[in-house]
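Take a look at the structure below.
What follows draws every value from the coordinates through simple rules; no lab data is involved. Quick caveat, the model's predicted, so the values are computed rather than measured. So basically every Cβ, Gly included, is an ideal-geometry build from the backbone, and we count neighbours across all protein chains shown.
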Amino acid sequence: FTNNDDAYLTARDLARAGAAVAVVDTREKAAGAEMLPASVDVHYGHAIIDTGGRKHVHSAIIAPLNGDAGHIGGQPRRCDLICISGGWNPTTHLLSHLGRKPAWDNAIAAYTMPDPGEGAHVAGGAAGIFDLGSALSDAAGAGRNAAGACGFRARGKAILPALEGTQAYGVTPLWRLPQELSSGAKSFVDLQNDVTVCDLELAQREGFGHADQAKRYTTLGMATDQGKLSNVNALGILAELQGRTLDETGTTTFRPLYSAVALGALAGQRRAGEFAPVRHSAMQDWHEKHGAVFTQAGLWIRPYFYPRGGEDFAAAVNREVTAVRTRVGMVDVSTLGKIELKGPDAGAFLDRLYTGSFSKMKIGRARYGVMLREDAMVFDDGTVSRLAENHYFITVTTANAAAVMRHMEFCHQVHWSKLDVQFCSVSEAWSAMAVAGPESRDVLSSVVEGLNLSNEAFPVLSVGEGTIGGAFARVFRISFSGELAYEVYTPAGHGAGVWQAIFEAGRSSGLTPYGTEAMTVMRTEKGHVAGPELDGRTTAGDLGLGRMMSAKKDYVGRWLAMREGLEG
């Protein structure tokens with residue numbers, strides 16, 4: 001079943017191999033028929049309008065294409081195989097990936113690339129030349145031009161092979177059968193995704209007639225062939241429905257890759273750091289230069305401890321803890337999950353997420369918060385700060401940052417969709433560092449401008465803004481070490497500079513960088529929740545946080561927290 005001369009080559013080869021062949025050609029005449037053996041029947045001006053058989057083909061129903069007389073009946077023809085040839089399509093994908101626009105060529109009923117742009121040469125089939133001899137000659141010329149563009153001079157002429165049986169390529173497109181021939185039966189355009197002519201007509205009626213919109217509306221061209229067998233026919237149908245030319249209709253967007261990538265090329269690459277993506281804070285280079293030993297926290301790489309002069313793990317951690325308890329230390333906490341919320345209902349939204357209340361918290365204040373799961377097990381903890389009337393900033397644990405964000409999105413979209421609040425993760429937008437110890441106020445006061453850090457002006461759980469070395473800094477008076485402590489947040493692009501500025505300001509006080517192990521030791525000594533305790537099997541009561549569970553409002557997990565065995 002064909003509409004072009006090239007199919008006759010295949011019919012000839014099949015007949016020579018002993019197959020009984022019949023050709024159904026939608027055109028009234030064809031130059032290719034001359035090469036066929038006499039045993040091959042050719043039905044000009046006909047189309048296959050149906051097939052017979054259940055689990056395999058046993059017949060084809062053919063009928064004449066006659067627009068004036070309409071359907072003149074169908075004639076069954078016994079067969080066990082139907083070969084379909086609708087013509088050739090130049091492969092213009094790679095140039096289309098570069099933004100070049102293909103153009104419709106009526107002579108070959110296909111899209112070609114008449115203007116490949118500077119530095120590109122199109123040849124042979126990609127240029128719409130489907131005769132083998134002409135394609136080889138054209139390819140030789142394109143190769144010569146490409147070599148010349150690179151400064152090379154071609155020597156001699158290309159030696160082309162002698163070819164037998166080549167012919168001119170003639171094609172007359174048939175996008176779909178006339179309606180009178182289809183008899184109401186389904187007429188498939190994309191055989192893999194079962195997209196029919198009716199589907200395209202519906203897409204056009206519904207206002208999705210643009211090529212890319214019709215593709216998504218019908219799933220046209222989204223199977224394993226990526227439209228290579230169906231898209232041109234579909235575009236021709238859309239052009240007919242819209243009364244436009246194929247150039248005006250355009251094509252779907254060409255996207256990489258052209259050739260499929262085998263799963264084996266992507267899987268099994270467990271080689272050290274290539275196994276999973278990792279994140280580093282803006283201070284990573286500083287940590288490496290100062291001898292940090294690293295550990296993994298979620299997808300982040302964090303300093304574990306900073307050994308000095310041959311110290312082992314225990315000695316280094318003890319030194320870091322002692323420095324914070326007696327003088328001052330600094331730890332990189334950029335890996336904390338950070339989420340900003342804005343909107344008139346931001347406070348009400350947080351009240352429903354956390355066991356505590358935040359909607360009436362004063363501006364410029366911070367508060368510790370605990371989230372529960374639906375089953376009343378502790379989900380996560382962190383701080384909630386109110387920066388303005390309708391602006392909040394929360395921190396969550398490194399390991400649960402993504403999970404908390406998903407939880408918030410689910411609650412907003414499913415449970416409380418009427419609340420007027422917007423939020424987004426800003427974890428990677430901010431660098432953060434905690435400065436802790438008896439001398440932490442003195443160190444920060446010497447480097448922070450525009451913010452009074454005295455105990456009277458900046459009491460516990462205060463939030464303020466200033467600058468450090470000209471960079472914006474948001475300072476929180478929050479402690480997870482049991483000592484006087486502050487957390488400093490600055491845009492990630494300034495993280496390394498602000499860290500270095502604080503470190504230089506603290507040299508005279510013996511400021512000591514410390515890692516996650518010293519931080520965990522001090523949290524444990526303080527009696528604060530440590531990461532391993534948030535394993536989804538502990539209640540607020542188990543962690544000594546029972547008094548933080550409000551009895552005056554509703555929140556996620558409240559009712560199941562009152563079931564027998566979990567109270568107290």
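Can you give the FRET efficiency for residue 560 and residue 262, using 1/(1 + (r/R0)^6), R0 = 51 Å, r = Cβ-Cβ distance, to the nearest 0.05?
So the FRET efficiency works out to roughly 0.60.
Rg (Å, one decimal) plus Dmax (Å, integer) for the alpha carbons of the stretch 185-249?
According to the Cα coordinates of the stretch 185-249, Rg and Dmax are 10.6, 30 Å.
Let me spell out the model: positive unit charges on the Cβ of Lys and Arg, negative unit charges on the Cβ of Asp and Glu, origin at the Cα centre of the stretch 93-148. What dipole size does that give, in debye rounded to 20?
120
In what sequence do 408, 562, 35, 330 fall when counting other Cβ within 10 Å, fewest first?
Fewest-to-most Cβ neighbours within 10 Å comes out as 562, 35, 408, 330.
According to the Kirkwood expression over distinct Cα-Cα pairs, how big is the hydrodynamic radius of the stretch 16-162, in Å?
On the way: mean 1/r = 0.0521 Å⁻¹.
Answer for the stretch 16-162: a Kirkwood hydrodynamic radius of 19.2 Å.
Going by alpha carbons, how many degrees (0 to 90, nearest 10) lie between the helix axis of 516-526 and the longest principal axis of the chain?
50
With axes computed from alpha carbons, what is the tilt in degrees of helix 313-326 against the longest principal axis of the chain, rounded to the nearest 10 within 0 to 90?
The angle comes out near 60 degrees.
So if I restrict to the alpha-carbon atoms in the stretch 437-527, what is the Rg, and what is Dmax, the biggest pairwise distance, in Å?
13.0, 37
Note down, for the stretch 216-341, the three equivalent ellipsoid semi-axes (square root of 5 times each alpha carbon gyration tensor eigenvalue), biggest first, whole angstrom.
Numbers: eigenvalues 699, 69, 23 Å².
For the stretch 216-341, the ellipsoid semi-axes come out as 59, 19, 11 Å.
Just to confirm my numbers, what's the Cα centroid distance between the stretch 130-150 and the stretch 446-522 in Å?
Spelled out, the Cα-based centre of one part sits 67 Å from the other.
With a 10 Å Cβ neighbour count serving as the proxy for reagent exposure, in which order, fewest first, do 111, 258, 217, 514 appear?
258, 217, 111, 514
What list of whole percents do you get for P(r) of the stretch 337-424, with Cα-Cα distances grouped in 5 Å bins up to the one holding the largest distance?
In whole percents, the pair-distance histogram is 3, 15, 29, 29, 18, 6, 0.
What is the helix-to-structure angle for 401-410, meaning the angle in degrees between its Cα long axis and the longest Cα principal axis of the chain, kept from 0 to 90 and rounded to the nearest 10?
It works out to around 70 degrees.
At 0.36 nm per residue, and after removing the present C-alpha to C-alpha distance, how many nm does the segment from residue 467 to residue 242 gain when stretched out fully?
This chain segment gains 74.9 nm when fully extended.
Kindly state, as a whole number, the per residue volume in cubic angstrom of the convex hull around the alpha carbon atoms of the chain. Write down the numbers at each step before the final one.
Working: hull volume 156.8 nm³, N = 568.
So the per-residue hull volume is 276 Å³.
Give me the one-decimal Kirkwood hydrodynamic radius in Å for the stretch 339-492, with the sum taken over alpha-carbon pairs. Show your work: numbers first, answer last.
On the way: mean 1/r = 0.0615 Å⁻¹.
Averaging 1/r across every pair of different Cα atoms and inverting gives 16.3 Å.
Going 7 Å from the Cα of residue 80 along its beta-carbon direction, which residues of the stretch 4-29 have the amide nitrogen within less than 12 Å of the resulting point?
Of the residues in the stretch 4-29, 19-20 have backbone N under 12 Å from the label point off residue 80.
How do 376-387, 285-296 rank on mean C-beta neighbours within 10 Å, highest first?
By packing density, highest mean first, the sequence is 376-387, 285-296.
Evaluated at 10 °C with a viscosity of 1.306 mPa s, what Stokes-Einstein diffusion coefficient in µm²/s does the stretch 93-148 have when Rh comes from the Kirkwood expression over alpha-carbon pairs?
It diffuses with D of about 135 µm²/s by this estimate.
With no solvent and one equal point scatterer per Cα, compute the Debye intensity ratio I(q)/I(0) for the stretch 7-78 at 0.20, 0.22 Å⁻¹ and report its log10, rounded to two decimals.
Values, matching the q order: -0.90, -1.02.
Structure shown: which of 342/526; 289/342; 55/101; 338/418; 362/526; 289/362 lie over 31 Å apart, alpha-carbon to alpha-carbon?
From the list (342/526; 289/342; 55/101; 338/418; 362/526; 289/362), the Cα-Cα distance tops 31 Å for 342/526; 289/342; 55/101; 289/362.
Each residue of the stretch 350-360 in order: what ³J(HN,Hα) in whole Hz does its phi give by Karplus 6.51 cos²θ - 1.76 cosθ + 1.60, θ = phi - 60°, with x for Gly and Pro?
Using θ = phi - 60°, the values come out as 5, 4, 7, 7, 9, 6, x, 10, 10, 5, 9 Hz.
Would you compute, from DSSP H runs of 4+ residues alone, the mean residue ellipticity of the chain at 222 nm, taking -39500 (n - 2.57) per run and dividing by the full residue count, rounded to the nearest 500?
Mean residue ellipticity, 222 nm, calculated: -7000 deg cm²/dmol.
Ranking request for peptides 276-284, 155-163, 319-327: highest mean number of other beta-carbon atoms within 10 Å first, then the rest in descending order.
For the peptides 276-284, 155-163, 319-327, the packing ranking is 319-327, 276-284, 155-163.
Dividing the Cα convex hull volume of the stretch 48-122 by residue count, how many Å³ per residue is that?
Considering the Cα atoms of the stretch 48-122, their hull volume per residue is 152 Å³.
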